Amino acid sequence: MNTPDIEHTCVERLMKYTTYDTQSAEVSETYPSTLKQKELGKVLVKELQEMGLKNAKMDEHGYVTAVLESNMDKKVPAIGLIAHMDTSPDVSGENVKAVIHEKYQGGDIVLSEDPSQIIRSEDTPDLQQQIGNDIITSDGTTLLGADNKAGIAEIFDAVHHLITHPEIKHGKICIAVTPDEEIGGGTTHFDVKAFGADYAYTIDGEGVGGVEDETFCADTVTITVTGRNVHPGYAKGKMVNAIKVMSELVDALPKDRLSPETTEDREGYVHPNSIEGGVEKVKVKFLIRDFTVEGLKKHEKYLEDIARKVIDKHPKTELDFKVTESYRNMKYKINEAPKVMDYAFEAIERS
């Protein structure tokens, strides 16, 4: 059948969603990590209900879910569409002002409120594929939040289209918008069984036509070094500066491999990502990444060996080495049902 003309609502939805500050937080005693995420959640529930999905709801943890029932006369697998509402804790998501650069003609894009923030064409080769298209950015003072509010807009646009064009046959479609993805907590309270999908796709990619069937396995290693803080005037032979010990540990990492700035393709890495502390105690979080669980454990053992060698040189220090599991390569599960990729590729080819 011919697909009817699509009256897209993506841009309007994205522009609206970006006005809500949904920045998640690394350190928090609540779930979601920032309760302000639920403010956008309420808006999303209302939009879904206004489309006709009376089952739309948000639970206590901030998960927004809804179901578009099948309009087919036979049973087919239920398909899930998932996106996340939170934005990165690294850059402000407050008072976002989205800017539309109409009919991009190439060259650098200078962000209006902070001219030092420039999207340079030479550093962003994907821009060459956008000649003649409208491009949406922030004004340079905040994140835009397209990761992943663009994904939400796309899913809601698709659902809206299916509801307004009932002649398009489809099976049961399960919709979910999750919090805290940016800090690795998006699945903490996610009820897979209640979600109801047999197979699901996360709409959180990059360029048009891209399909990703693999990601890193990820853990976080937190290393804490405890030294001895003594008044500097009486410190000789007594003080052990945890800052210096931790600096020595980080400096012992290889300079030409095993880091994001030196690896590519399927190479894993050990990445010191954040640091806090003082003379007495210093804590560094390391992001450990590899495409296999075996590689992940190998990197963690390597980092622990380095840490213990450094600590052994400073007998008055203490070391705490903690591994926290983040997520695993989705390829392990996709290999059990490869048809999900076959259908994804077919959809890309059709579009």
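The values are calculated or read from the model by the stated rules, or taken from the named source; none is laboratory data. These figures come from a predicted structure and were not determined experimentally. Cβ atoms come from the backbone with ideal geometry, glycine included; neighbour counts cover every protein chain shown. Just the protein is used for accessible areas: all its heavy atoms, side chains included, with ligands, DNA and RNA removed. Shrake-Rupley method; radii C 1.70, N 1.55, O 1.52, S 1.80 Å.
Remark: segment 245-320 carries a charge dipole of roughly 180 debye about the Cα centre, counting +1 on each Lys and Arg Cβ and -1 on each Asp and Glu Cβ. Would you work out if segment 1-144 is rounded, prolate or oblate? Take a ≥ b ≥ c from the square roots of the eigenvalues of the alpha-carbon gyration tensor; rounded if a/c is under 1.5, else prolate when a/b is larger than b/c, oblate otherwise. Verdict is oblate for segment 1-144. Applying the Karplus relation 6.51 cos²θ - 1.76 cosθ + 1.60 with θ = phi - 60° to segment 248-261 yields 3J(HN,Hα) values of 5, 5, 5, 5, 6, 5, x, 8, 10, 7, 6, 9, x, 7 Hz, where x marks Gly and Pro.
The residues of segment 161-284 have, on average, 57 Å² of accessible surface per residue, using a 1.4 Å probe with all protein chains present. Listed by chain and number, the aspartates and glutamates whose alpha-carbon sits under 19 Å from that of residue 298, ignoring those within fewer than 8 places in the same chain, are 219, 256, 264, 265, 267, 290, 320, 325. Between 163, 288, 37, the Cα set farthest toward the positive side of the dipole of the chain (charges on each charged residue's Cβ, about the Cα centre) is that of 288.
Greater than 19 Å separation of Cα atoms is the criterion. Which listed pairs, 255/322; 46/193; 46/75; 283/316; 281/322, meet it?
Details: 255/322 24 Å; 46/193 24 Å; 46/75 29 Å; 283/316 17 Å; 281/322 15 Å.
As for pairs spanning more than 19 Å Cα to Cα, those are 255/322; 46/193; 46/75.
Once the Cα atoms are used to define both axes, helix 37-51 deviates from the longest principal axis of the chain by about 10 degrees. Residues whose amide H falls under 5 Å from that of residue 78, counting only those 5 or more places apart or on a different chain, are 198, 199, with hydrogens built in the peptide plane. Between rounded, prolate and oblate, where does segment 1-52 land on the alpha carbon gyration tensor, with a ≥ b ≥ c its root eigenvalues, rounded for a/c under 1.5, else prolate if a/b exceeds b/c? In terms of gyration-tensor shape, prolate. Rounded to the nearest Hz, the phi-derived 3J(HN,Hα) couplings of segment 268-284 under the Karplus curve 6.51 cos²θ - 1.76 cosθ + 1.60 (θ = phi - 60°) are x, 7, 10, 10, x, 10, 8, 9, 8, x, x, 4, 7, 8, 10, 10, 10, where x marks glycine and proline. Measuring nothing but alpha carbons in segment 237-351 and taking Rh as the Kirkwood radius, the Rg to Rh ratio lands at 1.15.
Rolled with a 1.4 Å probe across the full set of protein chains, the surface gives residue 169 an accessible area near 130 Å². With P(r) over Cα pairs in 10 Å bins from 0, in percent in mind, check (1) 5, 23, 31, 27, 12, 2, 0; (2) 5, 19, 27, 26, 15, 6, 2, 1, 0; (3) 5, 21, 24, 20, 16, 10, 4, 0 and report the label derived from this structure. Only one option fits the structure, namely (2). The fraction of accessible area contributed by carbon and sulfur in the chain is 50 percent, rounded to a whole number (1.4 Å probe; ligands and nucleic acids excluded). Can you tell me the 0 to 90 degree angle between the C-alpha axis of helix 339-350 and the longest principal axis of the chain, rounded to 10? Orientation of helix 339-350: about 60 degrees from the principal axis. Sequentially through segment 208-222, phi angles give Karplus couplings (6.51, -1.76, 1.60; θ = phi - 60°) of 4, x, x, 10, 10, 10, 8, 8, 5, 7, 9, 10, 10, 10, 10 Hz, Gly and Pro residues having no value and appearing as x.
Here the chain is treated with +1 on each Lys and Arg Cβ and -1 on each Asp and Glu Cβ, and its dipole about the Cα centre works out to around 1440 debye.
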